[in-house]
1. In the range 233-252, how many residues are touching a helix residue (DSSP H, G or I) at 6+ places or on another chain (Cβ under 7 Å) and either closer than 17 Å to residue 200 by Cα or assigned to a helix (DSSP H, G or I) (or both)?
2. Being modelled with pLDDT under 95, assigned to a loop (DSSP other than H, G, I, E, B) and crowded, with 23+ Cβ neighbours inside 10 Å is the filter here, so list the residues in the range 62-86 that pass it.
3. Identify all residues within the range 110-130 that are in contact with a helix residue (DSSP H, G or I) (Cβ under 7 Å, 6 or more places away or on another chain) and either assigned to a strand (DSSP E or B) or closer than 27 Å to residue 471 by Cα (or both); write none if there are none.
4. (1) farther than 30 Å from residue 112 by Cα; (2) in contact with a strand residue (DSSP E or B) (Cβ under 7 Å, 6 or more places away or on another chain); (3) assigned to a helix (DSSP H, G or I): which one isn't true of residue 512, the others all being true?
5. Of the residues that make up the range 474-493, is at least one closer than 23 Å to residue 428 by Cβ, at pLDDT 90 or above and not assigned by TED's automatic domain parsing to the domain that holds residue 354?
6. Across the range 567-604, what is the total count of residues that are under 30 Å from residue 427 (Cβ atoms) and either out of contact with any helix residue (DSSP H, G or I) (no Cβ under 7 Å at 6 or more places or on another chain) or in contact (Cβ under 8 Å) with a residue 40 or more places away in the chain (or both)?
7. In the range 197-228, what count of residues is obtained for those that are farther than 13 Å from residue 254 by Cα and either assigned to a helix (DSSP H, G or I) or touching a strand residue (DSSP E or B) at 6+ places or on another chain (Cβ under 6 Å) (or both)?
């Protein structure tokens, strides 16, 4: 979800580049700016994983008394641990587990012996600096770094972890020597459930191809931007990786002023009501034409209250796609210092335990949700408890006949966390997210990632589930299973995938192994959708043979996905059309290559 309100501004965009990891959702980045004669070619890649199960377990549990607002004296003699995070509603569980910003009397943190302070910080650059300060003090021998400018862990969007961990790792290696200190994801305590979204005209939802040539204002690299890029890739749309240029054959991302998500909304409003335009250099096939074009802002990627601002001011706009559809994309990850955690495993596990217990109370008892909204308001010092309560649940509204949604967050209980990481049902949703984002960083090279950071820290080194598995005496339940019994009718996304098969057969070639892996990752992220898979061929050979071959190739893709763990009953249709529906001429080799394709559609 990212930042709700900002408390400070960076003065120049260059400062964003200087501080590694300065972008809030990091994960996304396809904005590699290449000024001069050359510019980047628009990219058409595979989208992120969409899983088939909505992770949302409710475990029966006896009601626990609500925490007071009085700061605890019971844990005051214990070492203070600090965690920093955005003003983000999916952190409600850990915040109410603490009773507010400081551990309170009767809270679950107090019960589990944790003395915790939760610090609101809306800039990722400052969160990074505070975590680096913690490591600096720890390196000097402080067992529990005590500076108010230091934090053991950050709570950020988990889809941003590959960039954040990898970029910070480079700084740690340069300062302390290779592999002396590390950051790791140690668990997840919630997830975005609709708050991060793309807003645009309803035609983008009914006909995603109509987005071609659009200009969308967004915060560079933030999670809502990622959702936008996912939607483009899942629908076979190219994305222009250079925000200074305009490609009429791609979706163009314009960086909102001051890296401010409210500006994303305001720029759309200003463009639609007052004729505001942006000047961009025209590019065709990655080459500048020497011309500049003035373009209106056609849509925006934002989150609450930016989305509400748009819907209040404009008519004819709706939410096109959000983390409601990409339901596994954006977990609330706790990223801590590996070496400190290894010395204090009980504290780390008890922080997670308290958050997961409080989340389960929120799932079972309404007054826990109410208490959580008050704790969030106290911690973030913005808005009212009623505001946070409504935005946590999410709201559906209608204007001029168009329905739209604002807000939407979830918290994780123990069963959710175990399932999300695949510890209870074998489907590691977060690994699919992490690996897909890692591919984005390599292929799209945001902010010169490959040159400035280098390699992504691999999942197995970046994620440590020991502290989650080390939790004892906590209520749990079996993993929830998705219900695919009903027929899905609404197409969320549909794209043509260029999967290579061995000549004249339905055997997927080794050259396409990465492509089908991307498809799997995309399906894991949109886990609550059903699927149709349809194969197509060119006109070489016999029409009847081509029809059979197209069906066999569609089935081969399905078999691959099933072997990876996608449930068989998630596939609503598996078919082939042979050579009957070409999308290009069969008179050329290039045209025939386009006609050999597999179309995968996501439905709900």
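The values are calculated or read from the model by the stated rules, or taken from the named source; none is laboratory data. Keep in mind that what you see is a predicted model, and the values were worked out from it rather than measured. When we count neighbours, we look across all protein chains shown, and the Cβ atoms used for this are built from the backbone with ideal geometry, even at glycine.
1. 5
2. 86, the sole residue that qualifies.
3. Scanning the range 110-130 gives 112, 113, 114, 116, 118, 120.
4. Every listed condition holds for residue 512 apart from (2).
5. Yes: the range 474-493 contains one or more residues that are closer than 23 Å to residue 428 by Cβ, at pLDDT 90 or above and not assigned by TED's automatic domain parsing to the domain that holds residue 354.
6. 17
7. Residues meeting the conditions: 17.
Quick grid of which residues meet (1) assigned to a strand (DSSP E or B); (2) within 25 Å of the chain's Cα centre (by Cα); (3) under 24 Å from residue 213 (Cα atoms):
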residue	(1), (2), (3)
271	no, no, yes
278	yes, no, yes
283	yes, no, yes
294	yes, no, yes
304	no, yes, no
310	no, yes, yes
315	no, no, yes
325	no, yes, yes
335	yes, yes, no
